[in-house]
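Working notes, beginning with the structure itself.
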Amino acid sequence: MSTVWEAVRRARAARDLDRLPEARRILGDALAADPFDSLLLTELADIDYRLGDHDAALRGARAAIAADPNRIDAYLTAALVLHLDDERDEALRLVRAALRVGPNSVSALLTLAQIIAGGPKTDELRAEARAALHSACEYAPLDADVLAHAAESYRKLADSAEARRLVERGLAQNPLHVELLELRARLEFEDFSTRDKAVATLRGLLGASPDHAPARRLLAEIMWRALLRLAAWVWFFAVAVAALSMWVGPGVLRVVTPVLFVVVLGAWIRVFRSLRGQLPPRYLRKRLLRRPEALLGLCGLVFASLIADLGAVVLRSSLVGVGYALLIVGVFGASLAHLLLFAAWLRRFGDETDRDAAESYALLSVTALVCFGFVVLGVLGALRSWSRAPEAFPVLAALLGVVVVTLLLELLLVFAVGPRYWRRPVVYCAVLLALLALAVLGTRWSFLRMAAETFTGPS
């Protein structure tokens, strides 16, 4: 037994120094002499899990449970692997089995909450997760690591207030705890009123721990989201001009369109000024120079905005159809730029990737546009017979279609960029492809309808 404990001690020391292959070798050598020792099997399963070898981790954890059904850590490793493989019911069964073995195990309570928070949640599951987190924090009220894990689960349970409370409590115990600082920055970023504080927190964290990957990814996310907003402002300008042309005449457009242009220009300036003040020196330039498609997207975005502006000017003349066509070309160019910037966000550079948050961004963008955009379009469609220029309605539909197609393409791109996305059910991709096909067909109809109504009048 002393030999087993010595091997475990050495392996844990190597693990703490982030020398995981060495830890695996130490444990493997010890297991060669004692292949059924539950402690060695549990420790090796944990190392395999950290190394991303999930099949080996699951085999080792199950072997450890078979050798000793009271080995709590083995249940938890197996549960985490199954959770990553989308076998959530089995993962919950295992972690609940661990809690039957050790009802006061803080690790088991945190793992239960983590698995529940990381998937679909019923009211009953939410209550179970909250109870587990409350118990874990009661058992370890001054442990900054426990408070960090609990705060992250509360954040995923949409309880930001409790997450912030635990973060501040943990930082009072350990002001330099990197996970707590990163979580504080994430919570500040998710609150529009405190986004500037998020960048300051991240810069302080990266100053102390420059290789902290989650903090680096969050800082990159802030940058990419800001750049993508540039294209969104061009979309807004074109849609606003087309919607106004449906209800007001050229005289009003001569006054309103310059105001919209100034609003968009001011928004662009604010984006770059905020990035310049928030990001570390040369951060933006370094990120963009590493990704030429991002530079191409920004250049294309400038031309797209100029074309949309020209369309607004022409729309005030007798060449209404040309003005609408230029607005659509401008939105199409902005959509290509948005797609290039999004692809740059996803692209790996060396051993570093910024893509982690792109999935939630793409899902939220599509959901928001479908829920809000189509409602507004439906209202305008219902009222078009009372409008001054009913032929503007197909233009609005075409503009919305171009944007929807762009966002759906980006969502499909997210599903395709990494191996872990292919493990998702095929039906997800099938639904996205069907939506994309419908959006393309709808946009094509809008183009044809716009051309017919512009030159022959509404039917």
Residues in segment 123-140: is at least one open to solvent by 10 Å² or more (accessible area, probe 1.4 Å), part of a loop (DSSP other than H, G, I, E, B), without any contact (Cβ under 8 Å) to a residue 24 or more places away in the chain and in contact with a helix residue (DSSP H, G or I) (Cβ under 9 Å, 6 or more places away or on another chain)?
-> no
Quick one: L363 ticks every box in (1) aliphatic (A, V, I, L, M); (2) buried (at least 16 other Cβ atoms within 10 Å of the Cβ); (3) modelled with pLDDT under 75; (4) within 14 Å of the chain's Cα centre (by Cα) except a single one, so which number is it?
-> (2)
Can we say P214 is open to solvent by 10 Å² or more (accessible area, probe 1.4 Å) and part of a loop (DSSP other than H, G, I, E, B)?
-> no
Scan (1) within 26 Å of G297 (Cα to Cα); (2) aromatic (F, W, Y); (3) surrounded by fewer than 18 Cβ atoms within 10 Å (Cβ to Cβ) for the single condition W233 breaks and write down its number.
-> (3)
So is R184 surrounded by fewer than 21 Cβ atoms within 10 Å (Cβ to Cβ) and of a type in the set (K, R) or not?
-> no
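Between A242, A226, which is in contact with a Ser or Thr (Cβ under 8 Å, 6 or more places away or on another chain), open to solvent by less than 20 Å² (accessible area, probe 1.4 Å) and part of a helix (DSSP H, G or I)?
On the way: A242 fails: in contact with a Ser or Thr (Cβ under 8 Å, 6 or more places away or on another chain).
So the residue among A242, A226 that is in contact with a Ser or Thr (Cβ under 8 Å, 6 or more places away or on another chain), open to solvent by less than 20 Å² (accessible area, probe 1.4 Å) and part of a helix (DSSP H, G or I) is A226.
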Condition met for G277 (out of contact with any Leu (no Cβ under 9 Å at 6 or more places or on another chain) and assigned to a helix (DSSP H, G or I)) | yes
Could you tell me which numbered condition V239 fails, if it satisfies all but one of (1) closer than 18 Å to S335 by Cβ; (2) under 15 Å from the mean Cα position of the chain (by Cα)?
-> (2)
Of the numbered conditions (1) in contact with a strand residue (DSSP E or B) (Cβ under 9 Å, 6 or more places away or on another chain); (2) closer than 20 Å to A334 by Cβ, L295 satisfies every one except a single condition; which is it?
-> (1)
What is the number of the single condition among (1) open to solvent by less than 30 Å² (accessible area, probe 1.4 Å); (2) under 27 Å from S335 (Cα atoms); (3) β-branched (V, I, T) that V199 does not meet?
-> (2)
Residue check: is T42 open to solvent by 90 Å² or more (accessible area, probe 1.4 Å) and part of a helix (DSSP H, G or I)?
-> no
Failed condition for Q114, given (1) assigned to a loop (DSSP other than H, G, I, E, B); (2) closer than 21 Å to S360 by Cα; (3) open to solvent by 60 Å² or more (accessible area, probe 1.4 Å), with all others met?
-> (1)
How many residues does segment 141-156 contain that are surrounded by 21 or more Cβ atoms within 10 Å (Cβ to Cβ) and either among the acidic types (D, E) or within 19 Å of the chain's Cα centre (by Cα) (or both)?
-> 4
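The values are calculated or read from the model by the stated rules, or taken from the named source; none is laboratory data. All values derive from a computational prediction rather than experimental measurement. As a convention, Cβ positions derive from the backbone with ideal geometry for all residues, glycine included, and neighbour counts pool all protein chains shown. Surface accessibility is based on the protein's heavy atoms, side chains included, excluding ligands, DNA and RNA. Shrake-Rupley method; radii C 1.70, N 1.55, O 1.52, S 1.80 Å.
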